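Read-outs throughout are calculated quantities, based only on the coordinates presented, and are distinct from any laboratory measurement. Remember, predicted model here, so these are calculated numbers, not experimental data. For neighbour counting, all protein chains shown are included, and Cβ atoms are generated from backbone atoms with ideal geometry for every residue, glycine included.
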Amino acid sequence: MTIRQAAIAMSFALAGLAAAAPAAQAAAGDAQPCGKQYQHNGLTVQNCPDWSPSGSIPVYASPAKGRIVGSINPAGDDWYLCQKPGGSYKLGGYRNYWWASTMADNNQWGYVSEVYFRGGGNNEPDAGLRTCRGPGGKPLPE
């Protein structure tokens, strides 16, 4: 990706974040966006098609990467609360600074890098997952 393409991608990402509208994010070209919202244990969540070369997806304490608090195993369609930008994450030829909040299999709350989401491009938010609201993003439930 050239610097110009990266700047254009960043403009689209920021416009989508500012508007908090999935329709604005859909312009990113996500072929497999997250599904419709539904209630799960009192939380509004969405199933998102995810994957992992190892079959297991690491869940981090924050969207800045850092400490792993658990994992999702096996990868497939898993539920997520919302997405927000954070630290850059690389996996092979994929990279993304968008993170989705969820609960690991060990019941620990955390964030998954969207490099593990199917269908989107590098450094693009998911076209269907809602954006976390509020300063610093929506806090995770306790």
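Sorting 118-131, 42-55 by their mean Cβ neighbour count within 10 Å, with the most densely packed peptide first, gives 118-131, 42-55. Rounded to whole numbers, the Karplus 3J(HN,Hα) couplings from phi for segment 67-76 are 7, 7, 9, x, 8, 10, 8, x, 5, x Hz, using 6.51 cos²θ - 1.76 cosθ + 1.60 with θ = phi - 60°, and x at Gly and Pro.
Quick note on segment 24-78: its Rg to Rh ratio, both from C-alpha atoms and Rh being the Kirkwood radius, is 1.01.
Descending by average beta-carbon neighbour count within 10 Å, the peptides 105-113, 69-77, 89-97 line up as 105-113, 69-77, 89-97, the highest first.
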